[in-house]
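Peer 1: For reference, the structure I am asking about is given below.
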Amino acid sequence: MLEVADAIAAVLKHAKPLKTEVAALTTAALGQVLAADIVADVDSPPFPKSLRDGYAVRSTDCASLNAELKVVEEVPAGKMPTKPVGAGEASRIFTGAPLPDGADAVVMQEHAQAFEGGRVKITDTNVKARQHVYAQGTEMKAGAVVLSRGTPINPAAFGVLANVGKTAVTAYPFPRVGIIATGDELVEANMKPKPGQIRNSNGPMLTAQTVRGGGLPRYLGIARDTHAIAKSLIAEGIDVSDVVLIAGGVSVGDFDLVPDVLKELGVTIHFRQIRVKPGKPLLFGTTENGKLVFGLPGNPVSSFVGFELFVRPAIRILGGHAEAGPRTIRLPLAEGLAESNDRPTYRPAKLELGEGGWSVRPLPCSGAPDLVGLQPADALLSLPAGDARADRGAIMDVVLL
Ligand code: AMP
Ligand code: MG
C-alpha cells in the first residue's frame, strides 16, 4: 500500500500545467495564475508626488525658526504645477499632487500658518529634503517586470495590473473538474429519501471543495451501480473535464464498478489504495490524453480528506501554481490526545487563537460518514500510525484547509 507522500508524488508526476488562455480581468480571474511577466508601461508614481496636504518648499529655506515664504500657486491632485518654487517661495499642495520644480520637500499644513497676502510661516525647523515626497518611479519604473509569471492574481495584483493599464492577461485556466457521485442508494438534496436511501452529500461537497481549491466544477449527477450507466457518465466526465472525480464505488464490493469501468475506458490505473485513515480505497488513473481520474471513497469524510490530500494539489499544478501543497504547518496541540491508529491518520481539527498564540484542537468526529463532526474543521491534524499519545502543547503537523 502506498504511503501518503508517495501517492501525492505519483499524482503530481502526471499533473502538468494546462494550456494558457487570455483572461479578462474581471473578478472571475481572481486566483488564476499569470502565465507571462507583466511589464510596467509607466513610472509609478509618474511624477514626484506629495504624500501630504501642506506646502511644497525648498528645505534649505526652512532652516531658520518661523521662516516666511511667499505662496506662488495652489496645486491640487490631478493638476500640473505651472510655476517653479524659487528661493523664499512655496506652493500650496495637496496629497497626490505633483511636486513643483525647485521644491524638494513638503511641509505638512499642521506645521504651517497661512497669512493674508499669500504668505506662509513654517513652524517646523527640521524640514528634510525629500520629506513627504514619493519620488517618481519608486513603486515601479516603466519597462520593469512588476508581476512575474507564476504569480497568483490576488486582489493587490488586480490593483497593480490596473496601474499598468492591463484589462486582460495571459493566464492558466482554472482546471475543469467533472464530479460524479455513485450509488443506487443516493437521491439528490431536493428529494425525500425512501426507505434504504440517503441524500447525496459528496456531489455538493466536492463541488465546493473544487471551487475552494482553484478548479472549475461541473457536477454530472449520480451514476447508478450498473455498469452501463456508470460507464456512460464517466465517459462523459472524461470528455468534458481535465480532472474527473468519482465518489464511491471504488472499493472491492460487488457493486464497486468504478475500477472495471475505468479500465474499459482506457484509463491507466496507477494506484488503488493508500495507507491512510480515513480513505484507504482511493484510486488514481490517467487517460491516454493526460486527463486525471480520481476514484474517491464513498464515505463523505473520507472523500473530503482524499480531495484535500491528493486532488487539490493536482488542481493547483494544472492551474499553474508553483506550489502543489497540501499546505502543512506545525502547531501546538490545544488539548492532549491518546489514540491508536493502524494507519497514518488525518483528524478534522480547528485552529484556535489563545493567549499563547495559535494552536490546533482535534474535533470530535464519529467516523468516516460524520460530516457534521467534520464541518467546523479548518485543518487536518496529522497523526502517525501506531500509538499516538501527545500532551497539550506538543508540536504537531497540521494540513491547512
Ligand atoms: P461506497 O464507497 O460506494 O461503498 O460507499 C461507502 C459509503 O459511503 C456507503 O455507506 C455509501 O452509502 C456512502 N456514500 C457513497 N456515496 C455517497 C454520497 N454521494 N453521499 C453520501 N454518502 C455516500
Ligand atoms: Mg456505492
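The values are calculated or read from the model by the stated rules, or taken from the named source; none is laboratory data. Model, not experiment: these values are computed from the prediction. When we count neighbours, we look across all protein chains shown, and the Cβ atoms used for this are built from the backbone with ideal geometry, even at glycine.
Peer 1: For GLN113, indicate whether it is part of a strand (DSSP E or B) and among the polar types (S, T, N, Q).
Peer 2: On the way: part of a strand (DSSP E or B): yes; among the polar types (S, T, N, Q): yes.
Judged against the criteria, GLN113 is a match.
Peer 1: I'd like the residue in segment 359-381 that is under 23 Å from ILE395 (Cβ atoms) and in contact with a helix residue (DSSP H, G or I) (Cβ under 8 Å, 6 or more places away or on another chain) and, out of all such residues, is modelled with the lowest pLDDT. Walk me through how you get there before you give the answer.
Peer 2: Filtering segment 359-381 for residues under 23 Å from ILE395 (Cβ atoms) gives 359-365, 376-381.
Keeping just the survivors that are in contact with a helix residue (DSSP H, G or I) (Cβ under 8 Å, 6 or more places away or on another chain) gives 363-365, 380.
Values: LEU363: 96, PRO364: 93, CYS365: 87, LEU380: 98.
That would be CYS365.
Peer 1: Another one. Within segment 244-253, can you find the residues that are within 10 Å of ligand 2 (Cβ to nearest atom) and more than 16 Å from THR286 (Cα to Cα)?
Peer 2: The initial filter retains those residues of segment 244-253 that are within 10 Å of ligand 2 (Cβ to nearest atom), namely 247-251, 253.
Listed by number, the residues that qualify are ALA247, GLY248, GLY249, SER251, GLY253.
Peer 1: Only one of these conditions is not met by PRO376: (1) touching a residue at least 60 places away in the same chain (Cβ under 8 Å); (2) part of a loop (DSSP other than H, G, I, E, B). Which number is it?
Peer 2: All conditions are met except number (1).
Peer 1: Check whether at least one residue in segment 188-200 is small (Gly, Ala, Ser) and under 20 Å from ALA314 (Cβ atoms), and report yes or no. First the steps, then the outcome.
Peer 2: In the first step, residues of segment 188-200 are kept if they are small (Gly, Ala, Ser); the result is 189, 196.
Filter again for under 20 Å from ALA314 (Cβ atoms), leaving none.
No, the conditions are met nowhere in segment 188-200.
Peer 1: If you don't mind, there's one more thing I want to ask. Got a sec? Which of VAL244, VAL250, VAL261 is in a loop (DSSP other than H, G, I, E, B), of a type in the set (A, V, I, L, M, F, W, C) and either in the same structural domain as LEU296 (by TED's automatic domain parsing) or within 16 Å of ligand 1 (Cβ to nearest atom) (or both)?
Peer 2: On the way: VAL244 fails: in a loop (DSSP other than H, G, I, E, B); VAL261 fails: in a loop (DSSP other than H, G, I, E, B).
Going through VAL244, VAL250, VAL261 in turn, just one is in a loop (DSSP other than H, G, I, E, B), of a type in the set (A, V, I, L, M, F, W, C) and either in the same structural domain as LEU296 (by TED's automatic domain parsing) or within 16 Å of ligand 1 (Cβ to nearest atom) (or both): VAL250.
Peer 1: Now for a separate question. Which of the residues that make up segment 318-337 are farther than 16 Å from ALA9 by Cα and outside any loop (DSSP other than H, G, I, E, B)?
Peer 2: ILE329, ARG330, LEU331, PRO332, LEU333, LEU337
Peer 1: Consider PRO48 carefully, then state whether it is touching a residue at least 12 places away in the same chain (Cβ under 8 Å), out of contact with any Gly (no Cβ under 8 Å at 6 or more places or on another chain) and buried (at least 20 other Cβ atoms within 10 Å of the Cβ).
Peer 2: Details: touching a residue at least 12 places away in the same chain (Cβ under 8 Å): yes; out of contact with any Gly (no Cβ under 8 Å at 6 or more places or on another chain): yes; buried (at least 20 other Cβ atoms within 10 Å of the Cβ): yes.
For PRO48, the condition - touching a residue at least 12 places away in the same chain (Cβ under 8 Å), out of contact with any Gly (no Cβ under 8 Å at 6 or more places or on another chain) and buried (at least 20 other Cβ atoms within 10 Å of the Cβ) - is met.
Peer 1: Quick check on my filter: what residues within segment 199-237 are among the hydrophobic types (A, V, I, L, M, F, W, C) and either crowded, with 20+ Cβ neighbours inside 10 Å or free of Cβ contacts under 8 Å to residues at least 24 places away in the same chain (or both)?
Peer 2: We begin by selecting, within segment 199-237, every residue among the hydrophobic types (A, V, I, L, M, F, W, C); these are 205-206, 208, 211, 216, 220, 222-223, 228-230, 233-235.
Scanning segment 199-237 gives MET205, LEU206, ALA208, VAL211, LEU220, ILE222, ALA223, ALA228, ILE229, ALA230, LEU233, ILE234.
Peer 1: Condition (residue is loosely packed, with under 12 Cβ neighbours inside 10 Å and under 18 Å from the mean Cα position of the chain (by Cα)) applied to segment 323-331: is it met by at least one residue?
Peer 2: Residues of segment 323-331 loosely packed, with under 12 Cβ neighbours inside 10 Å: 323, 330.
Add one more test, that the residue is under 18 Å from the mean Cα position of the chain (by Cα), and what stays is 323.
Taking every residue of segment 323-331 in turn, at least one turns out to be loosely packed, with under 12 Cβ neighbours inside 10 Å and under 18 Å from the mean Cα position of the chain (by Cα).
Peer 1: Do we find a residue being more than 28 Å from LEU25 (Cβ to Cβ), in a loop (DSSP other than H, G, I, E, B) and in contact with a helix residue (DSSP H, G or I) (Cβ under 6 Å, 6 or more places away or on another chain) anywhere in segment 133-146?
Peer 2: Of segment 133-146, the ones more than 28 Å from LEU25 (Cβ to Cβ) are 133, 135.
Checking which are in a loop (DSSP other than H, G, I, E, B) leaves us with 135.
Filter once more, so that each one left must be in contact with a helix residue (DSSP H, G or I) (Cβ under 6 Å, 6 or more places away or on another chain): none.
So far as segment 133-146 goes, no, none of its residues is more than 28 Å from LEU25 (Cβ to Cβ), in a loop (DSSP other than H, G, I, E, B) and in contact with a helix residue (DSSP H, G or I) (Cβ under 6 Å, 6 or more places away or on another chain).
Peer 1: Which of the residues that make up segment 225-254 are touching a Gly at 6+ places or on another chain (Cβ under 8 Å) and farther than 17 Å from PHE294 by Cβ?
Peer 2: The answer is ASP225, and nothing else.
Peer 1: Among the residues of segment 296-317, is any under 25 Å from the mean Cα position of the chain (by Cα) and in a strand (DSSP E or B)? Quick ask: steps written out before the conclusion?
Peer 2: Looking only at segment 296-317, we keep the residues that are under 25 Å from the mean Cα position of the chain (by Cα), and these are 296, 300-317.
Okay, now just the ones that are also in a strand (DSSP E or B), so 296.
There is at least one residue in segment 296-317 that is under 25 Å from the mean Cα position of the chain (by Cα) and in a strand (DSSP E or B).
Peer 1: Step by step: first the residues of segment 264-287, then only those that are without any contact (Cβ under 8 Å) to a residue 60 or more places away in the chain and buried (at least 23 other Cβ atoms within 10 Å of the Cβ), then the one that is nearest to ligand 1 (Cβ to nearest atom). Which residue is that? Before you say what the answer is, go through the steps one by one.
Peer 2: Applying the first criterion (without any contact (Cβ under 8 Å) to a residue 60 or more places away in the chain) to segment 264-287 yields 264-269, 272, 281, 283, 285, 287.
Among the residues that remain, those that are also buried (at least 23 other Cβ atoms within 10 Å of the Cβ) are: 267, 281, 283, 285.
Details: VAL267: 18, PRO281: 7, LEU283: 11, GLY285: 17 Å.
The extreme case among them is PRO281.
Peer 1: Now for a separate question. Look through PRO281, PRO297, PRO259 and report the one residue that is touching a helix residue (DSSP H, G or I) at 6+ places or on another chain (Cβ under 6 Å) and either within 15 Å of ligand 2 (Cβ to nearest atom) or over 24 Å from ASP6 (Cβ atoms) (or both). Full working, then the answer.
Peer 2: Working: PRO281 fails: touching a helix residue (DSSP H, G or I) at 6+ places or on another chain (Cβ under 6 Å); PRO259 fails: touching a helix residue (DSSP H, G or I) at 6+ places or on another chain (Cβ under 6 Å).
After ruling out the rest, the residue left standing is PRO297.
Peer 1: For segment 88-95, state whether one or more residues are part of a strand (DSSP E or B) and either polar (S, T, N, Q) or closer than 30 Å to LEU161 by Cα (or both). Talk me through it step by step, then tell me what you get.
Peer 2: At the first step, the residues of segment 88-95 found to be part of a strand (DSSP E or B) are 89-93.
Now restrict to residues that are either polar (S, T, N, Q) or closer than 30 Å to LEU161 by Cα (or both): 91, 93.
Yes, the conditions are met somewhere in segment 88-95.
Peer 1: Can you find, within segment 155-198, the residue that is farthest from ligand 2 (Cβ to nearest atom) among those that are farther than 22 Å from LEU18 by Cα, surrounded by 15 or more Cβ atoms within 10 Å (Cβ to Cβ) and small (Gly, Ala, Ser)?
Peer 2: Among residues in segment 155-198 that are farther than 22 Å from LEU18 by Cα, surrounded by 15 or more Cβ atoms within 10 Å (Cβ to Cβ) and small (Gly, Ala, Ser), the one farthest from ligand 2 (Cβ to nearest atom) is ALA181.
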